[in-house]
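**Q** Take this structure, written in structure tokens, and hold onto it; I'll ask about it next.
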Amino acid sequence: MDPSRHRERESGGDVLSDEELLLGLVNSAPTIEGRPTDDLEGAGGRDLARSWGGTGSARELAHLRRARHALQAMVRGDEGAAVGELTDILDGAVRTPHMTPNGVAWDLRVPDDRRLAVEAVLAWSTVITEFPDRLRACANEECTRFLVDHSRPGTAKWCSMAVCGNRMKARTHARRAKS
């Protein structure tokens, strides 16, 4: 088999899998206790890329960081340079359909070191199509994570109710108590 030819995740582009990859990538540079981190650096980054089905190569990690930065900008509404970056990431990628007993599945042809970055961009497109206006940055200004809002009214604000939600509610309560 041609090494540049890969079948997409077994689900064939399943929204949940797409969402998991997308959130995993855009949330891979969290700010922890006020310090920016990068989960795509070093041995941990190689392991993370491999857990997503990648090779963990230095080139792959560079492509993933580039895609992460551009996707984060798109979600935050700073489309300017991000559109060009995402266009470059997708350049030369080809998706070909084929039939399976479960319906249409897609083969993705792209060099190994770019495959995960391309899949993340395709995942972003799927998520924003399936859940319009539901992919957003956490409302906690100190947080750098993102979420896909699956609440019925579409009003979820925080990446985690247990962490950011509780912090924000505690701050609001403290402000009210002082007044």
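**Q** Which whole-number percentage describes the relative contact order of the range 98-165, with Cα contacts under 8 Å and a sequence gap of 6 or more?
**A** Relative contact order for the range 98-165 comes out at 18 percent.
**Q** Can you give me the Cα centroid spacing of the range 79-123 and the range 29-71 in angstrom?
**A** After rounding, the separation between the Cα centres reads 18 Å.
**Q** Let me ask something else. What is the distance, in nm, between label points placed 7 Å from the Cα along the Cα-to-Cβ direction at Lys178 and at Asp78?
**A** Spacing of the two 7 Å Cα→Cβ label points: 2.9 nm.
**Q** Taking all protein chains together and a probe of 1.4 Å, list Phe146, Phe131 from the most accessible to the least accessible.
**A** Result, largest first: Phe131, Phe146.
**Q** Carbon and sulfur together cover what percent of the accessible area of the range 27-145 at a 1.4 Å probe radius?
**A** 50
**Q** Also, quick follow-up: Want the number for Val104 to Ala43: 0.36 nm per residue separation, take away the alpha-carbon distance, what's left?
**A** Extending this stretch completely gives an extra 18.3 nm.
The values are calculated or read from the model by the stated rules, or taken from the named source; none is laboratory data. No experiment lies behind these values; they were computed from the predicted model shown. Note: ideal-geometry Cβ built from the backbone for every residue, glycine included; neighbour counts use all protein chains shown. Only protein heavy atoms, including side chains, enter the accessible area calculation; ligands, DNA and RNA are left aside. Shrake-Rupley method; radii C 1.70, N 1.55, O 1.52, S 1.80 Å.
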